[in-house]
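**Student:** Sharing a structure with you now.
The values are calculated or read from the model by the stated rules, or taken from the named source; none is laboratory data. As the structure is a prediction and not an experimental result, all values here were calculated from the model. Here the Cβ positions follow ideal geometry from the backbone for every residue, glycine too, while neighbour counts run over all protein chains shown. With ligands, DNA and RNA removed, areas are computed over all heavy atoms of the protein, side chains included. Shrake-Rupley method; radii C 1.70, N 1.55, O 1.52, S 1.80 Å.
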Amino acid sequence: MAEESFDVVFIGGGPGGYVGAIKAAQLGMKVACVEKRGALGGTCLNIGCIPSKALLHSSHLYAEAKGGMEKHGIKIGSVELDLDAMMDNKDEVVETLTKGIEGLFKKNKVTYVVGHGRIAGPGKVVVELNDGGERVLEAGAIVIATGSESTPLPGVEVDEERIVTSTGALDLDEVPAHLVVIGAGYIGLEMGTVWQRLGSKVTVVEFLDRVTPGMDGEVSKQFQRILQKQGMSFKLGTKVTGVDASGDRLKVSVEPAKGGEGEVIDCDVVLVSIGRRPYTEGLGLETVGLEPDRRGMIEVDDRFATKVAGIHAIGDVIRGPMLAHKAEEEGVALAEILAGQKPHIDYDRIPGVVYTDPEVAAIGKTEEQLKEAGIKYTVGKFPFMANSRARATGQTDGFVKMLADAETNRILGCHIIGADAGVMIGEIAVAMEFGASAEDVARTSHAHPTLEEAIKEAALATYTKTLNL
Ligand code: FAD
Ligand code: NAD
């Protein structure tokens, strides 16, 4: 078997691996990217960000057509759901985008190797090709970008038909009458929203006493209130002890997290969304003496180097938020490091967005984190109810909450719940990247009437008074 030699081999073609591979090639390296899925783009493009956003958008249109437009004086007769067509559209979006990356690989001269990559010693990756046979890649540097998988819940056996992870929830062939979601995080609330809009009754069971536990507390509370108003029900502080799938309907046994009397919930589909864990199965880590930590993560330093010379790791498989844009930043930064440059990622400036309606977006510290760290801060808040554009479009749910250093007024965090929050958080990301104070943002001219004016007002409120409230 002839060995082929590369400067760098990425194992995994998700947002970390494919973006890193393109950047490394652009910096003049000879690059291979090994992906076993048969399509590039990883979890994000194939079974994550993109298909979920396609369904969120389609289901939003359906819900609007079913009654969301009447207040604007638009009456639509009967509205029918064609779930197959909705799924076909989602699949087409995914296929176009994943094929697009193959095109980018060709353009940037990245060698795409389709198969399962296994580290077979320092500087050596053996690929079991999907089409049969093996290919041996000699690598100056190996990058582990193998991503993550859904965390299993003991006692709940996933079959991806009735008991599903996000993967099955993106592909149900009929609308479940009752969907039980386990875990009130990103996946549970996004996919719960999709199916609720399409007609399911949705019950969310969450172990902790709040939804989206990592988020700013005030935002979490408001978020739950809004979702409840939309019809979602929550069982907080509750754990699932098992799911009985022997009958026509599923029987979910739950009990209070702190102990006490349990109950059984009948439903048609259960979504397990209690988090994701790093994926390193069959990767051959033992051949180089690498061992994941107790959470399954590969430990790296701030240059993404593992303890084994020549082996690096990026994306969901290492510490930090499991987000596509975080993995991408790391892919680029690592390529630059391998090219001798000195990039830097500030993990406090990576936004997170839940794409529900309204959206929830956050960047930087939460109020709870600032309190815990003993940092003195001021809070500026502005509700969309007082924003003229939100009034005009009827999207008045939510608020902007800005946190600024009490002494310097530098922005420490911003939390937005409201329409287009995911777009608006970009302004704060740029401001924070430039070390802006809230006053810098408040003194920036914001077009009128826009939702962004709520950001300006919240910024004002951190050091002086709001103008429109
Ligand atoms: P992955 O995207 O998981 O890619 C790793 C790839 O490696 C996979 O394709 C896998 O097949 C391949 N692989 C693994 N082992 C091997 C091997 N040995 N040989 C060859 N190939 C291998 N993030 C956001 O920022 N925004 C969102 O809106 C968003 N929505 C999401 C929705 C859902 C339902 C899910 C599940 C996730 C979502 N995420 C979102 C998270 C995002 O998908 C991940 O953070 C991101 O994909 C991580 O990128 P990665 O490159 O580290 O890993
Ligand atoms: P998550 O970490 O966002 O939420 C998991 C939730 O499950 C938490 O609220 C947690 O307290 C709860 N939980 C944990 N164990 C439980 C148990 N035994 N019973 C009941 N509840 C339990 O995880 P997720 O929703 O599975 O998503 C995984 C990751 O994928 C996210 O953290 C995020 O990084 C990424 N993602 C991002 C987006 C986005 O950016 N819009 C969308 C989907 C997924």
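**Student:** Against the definition (touching a residue at least 40 places away in the same chain (Cβ under 8 Å), crowded, with 22+ Cβ neighbours inside 10 Å, away from ligand 1 (no atom under 15 Å from the Cβ) and more than 30 Å from Val136 (Cα to Cα)), how does Val205 come out, yes or no? Let's see the steps before the verdict.
**Tutor:** Details: touching a residue at least 40 places away in the same chain (Cβ under 8 Å): yes; crowded, with 22+ Cβ neighbours inside 10 Å: yes; away from ligand 1 (no atom under 15 Å from the Cβ): yes; more than 30 Å from Val136 (Cα to Cα): yes.
Yes, satisfied.
**Student:** Considering (1) outside the structural domain of Cys49 (by TED's automatic domain parsing); (2) more than 15 Å from ligand 1 (Cβ to nearest atom), say which one Val158 fails and leave the rest.
**Tutor:** In the conditions (1) outside the structural domain of Cys49 (by TED's automatic domain parsing); (2) more than 15 Å from ligand 1 (Cβ to nearest atom), Val158 misses (2) alone.
**Student:** Whether any residue in the stretch 138-145 is crowded, with 18+ Cβ neighbours inside 10 Å and either within 20 Å of the chain's Cα centre (by Cα) or within 27 Å of Ile274 (Cα to Cα) (or both) is what I want to check. Talk me through it step by step, then tell me what you get.
**Tutor:** Filtering the stretch 138-145 down to residues crowded, with 18+ Cβ neighbours inside 10 Å leaves 139, 141-145.
Cutting the leftovers down to either within 20 Å of the chain's Cα centre (by Cα) or within 27 Å of Ile274 (Cα to Cα) (or both) gives us 144-145.
Scanning the stretch 138-145, I find at least one residue that is crowded, with 18+ Cβ neighbours inside 10 Å and either within 20 Å of the chain's Cα centre (by Cα) or within 27 Å of Ile274 (Cα to Cα) (or both), so the answer is yes.
The rows are residues; the columns are (1) modelled with pLDDT of 95 or more; (2) of a type in the set (Gly, Ala, Ser); (3) open to solvent by less than 20 Å² (accessible area, probe 1.4 Å); (4) in a loop (DSSP other than H, G, I, E, B).
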{"site": "Arg277", "(1), (2), (3), (4)": "yes, no, no, no"}
{"site": "Gly282", "(1), (2), (3), (4)": "yes, yes, no, yes"}
{"site": "Thr287", "(1), (2), (3), (4)": "yes, no, no, no"}
{"site": "Pro292", "(1), (2), (3), (4)": "yes, no, no, yes"}
{"site": "Met297", "(1), (2), (3), (4)": "yes, no, no, yes"}
{"site": "Val300", "(1), (2), (3), (4)": "yes, no, no, yes"}
{"site": "Arg303", "(1), (2), (3), (4)": "yes, no, no, yes"}
{"site": "Lys307", "(1), (2), (3), (4)": "yes, no, no, yes"}
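**Student:** Name the residues in the stretch 182-211 that are part of a loop (DSSP other than H, G, I, E, B) and either near ligand 2 (Cβ under 10 Å from one of its atoms) or not assigned by TED's automatic domain parsing to the domain that holds Gly259 (or both), would you? I'd like the intermediate steps shown before the answer.
**Tutor:** As a first pass, look at the stretch 182-211 and keep what is part of a loop (DSSP other than H, G, I, E, B): 183-185, 198-200, 206-211.
Hits for the stretch 182-211 are Gly183, Ala184, Gly185, Glu206, Phe207, Leu208, Asp209, Arg210, Val211.
**Student:** So Ser58 passes all but one of these: (1) touching a Ser or Thr at 6+ places or on another chain (Cβ under 9 Å); (2) open to solvent by less than 50 Å² (accessible area, probe 1.4 Å); (3) without any contact (Cβ under 8 Å) to a residue 60 or more places away in the chain. Which condition number does it fail?
**Tutor:** Among (1) touching a Ser or Thr at 6+ places or on another chain (Cβ under 9 Å); (2) open to solvent by less than 50 Å² (accessible area, probe 1.4 Å); (3) without any contact (Cβ under 8 Å) to a residue 60 or more places away in the chain, Ser58 violates only (1).
**Student:** Quick check on the stretch 190-199: of everything there that is out of contact with any helix residue (DSSP H, G or I) (no Cβ under 7 Å at 6 or more places or on another chain) and open to solvent by less than 10 Å² (accessible area, probe 1.4 Å), which residue is nearest to Pro358 (Cα to Cα)?
**Tutor:** Taking the stretch 190-199 and keeping what is out of contact with any helix residue (DSSP H, G or I) (no Cβ under 7 Å at 6 or more places or on another chain), we get 192, 195-196, 199.
Checking the rest, the ones that are also open to solvent by less than 10 Å² (accessible area, probe 1.4 Å) come to 192, 195.
Details: Gly192: 14, Trp195: 16 Å.
Among those that are out of contact with any helix residue (DSSP H, G or I) (no Cβ under 7 Å at 6 or more places or on another chain) and open to solvent by less than 10 Å² (accessible area, probe 1.4 Å), it is Gly192.
**Student:** Quick check on Val240: is it under 14 Å from Phe207 (Cα atoms) and either part of a strand (DSSP E or B) or more than 26 Å from the chain's Cα centre (by Cα) (or both)?
**Tutor:** Here the answer is yes, as Val240 does meet what is asked.
**Student:** Of all residues in the stretch 70-111, which are surrounded by 12 or more Cβ atoms within 10 Å (Cβ to Cβ) and of a type in the set (Ser, Thr, Tyr)?
**Tutor:** Thr98, Thr111
**Student:** Between Gly247, Gly214, Gly260, which is at pLDDT 95 or above, assigned to a loop (DSSP other than H, G, I, E, B) and open to solvent by 10 Å² or more (accessible area, probe 1.4 Å)? Step through it out loud before you land on a result.
**Tutor:** Numbers: Gly214 fails: at pLDDT 95 or above; Gly260 fails: at pLDDT 95 or above.
Going through Gly247, Gly214, Gly260 in turn, the sole match is Gly247.
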